[in-house]
Amino acid sequence: MASISPRMTQLIGALVPVAGLALLASCGVSYSFSGSDSGEAKTVQVDVFPNNAELVNPRLSQTFTEQLRTTLVQQSTLSLAPRDADLVFTGAIVGYSVSPQAPTANETVALSRLTLVVEVQLNNQTDLKRNFSQRFTSTRDYPSTQDLSAVEGSLMDEMCRELAEKIFSRALVNW
């Protein structure tokens, strides 16, 4: 019986994984590192989320809408469409408020909490069972010694990213 040279063993070891990947690709198997599953959907539409909250930040509507669009496109195989998309996200910002947290012994407040609440509807044209309407909430605490205007921009950006991730997970991640 003939023995296989070490060089041939290395070559076979290198080709087996490549052949396996080629086989998977030819079978039409797709994998997303985010774990997203858009099913048959190819396009996504995200309408502007108006700010209907009592406290209005003029940047909030645009910041949230753009963050949701970016998250959906970057973490899936979906393409953004202006209308008639397979997945249509609509909704509104329904809560944006500041509340006192963590009272101290001298009747002052150590922390304030910024809360952002978004109501989202997903209309999935390719799989009606995946449609939903749900509220998503994000909060951030900050020292009450700081003025809201000093921290609002960075906190708002963080909360918009968090909410976009939550909505993405609810709509497209099947664990």
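Within region 128-139, is there a residue that is assigned to a helix (DSSP H, G or I), modelled with pLDDT of 95 or more, open to solvent by less than 50 Å² (accessible area, probe 1.4 Å) and out of contact with any Pro (no Cβ under 7 Å at 6 or more places or on another chain)? For region 128-139, residues assigned to a helix (DSSP H, G or I), modelled with pLDDT of 95 or more, open to solvent by less than 50 Å² (accessible area, probe 1.4 Å) and out of contact with any Pro (no Cβ under 7 Å at 6 or more places or on another chain): absent.
Mind checking which pairs have a first residue in region 142-168 that is within 16 Å of residue 97 (Cβ to Cβ) and a second that is open to solvent by 70 Å² or more (accessible area, probe 1.4 Å) and assigned to a helix (DSSP H, G or I), Cβ under 8 Å, 6 or more apart or different chains? Partner pairs satisfying both residue conditions: none exist.
Taking the numbered list (1) closer than 13 Å to residue 46 by Cβ; (2) part of a strand (DSSP E or B) in turn, residue 164 passes all entries but (2). Restricting attention to region 109-127, the residues being part of a strand (DSSP E or B) and under 13 Å from residue 89 (Cα atoms) number 7.
For region 100-127, what are the residues that are open to solvent by 60 Å² or more (accessible area, probe 1.4 Å) and out of contact with any Asp or Glu (no Cβ under 7 Å at 6 or more places or on another chain)? Across region 100-127, the qualifying residues are 100, 103, 105, 106, 107, 108, 123.
In region 66-86, the residues that are touching a residue at least 12 places away in the same chain (Cβ under 8 Å) and among the β-branched types (Val, Ile, Thr) reach residues that are open to solvent by less than 20 Å² (accessible area, probe 1.4 Å) and not in a loop (DSSP other than H, G, I, E, B) with C-beta atoms within less than 9 angstrom, at least six apart or across chains, in these pairs: 70/164; 71/164; 71/167; 71/168; 73/44. Scanning region 52-75 for residues that are open to solvent by less than 20 Å² (accessible area, probe 1.4 Å) and either of a type in the set (Ser, Thr, Tyr) or touching a Cys at 6+ places or on another chain (Cβ under 9 Å) (or both) returns 60, 64, 65, 68, 71.
The values are calculated or read from the model by the stated rules, or taken from the named source; none is laboratory data. Note that this is a predicted model, so its numbers are computed, not measured. With ideal geometry, Cβ positions are generated from the backbone for all residues, glycine too; neighbour counts draw on all protein chains shown. Note: accessible area is taken over every heavy atom of the protein model, side chains too, but ligands, DNA and RNA are not part of it. Shrake-Rupley method; radii C 1.70, N 1.55, O 1.52, S 1.80 Å.
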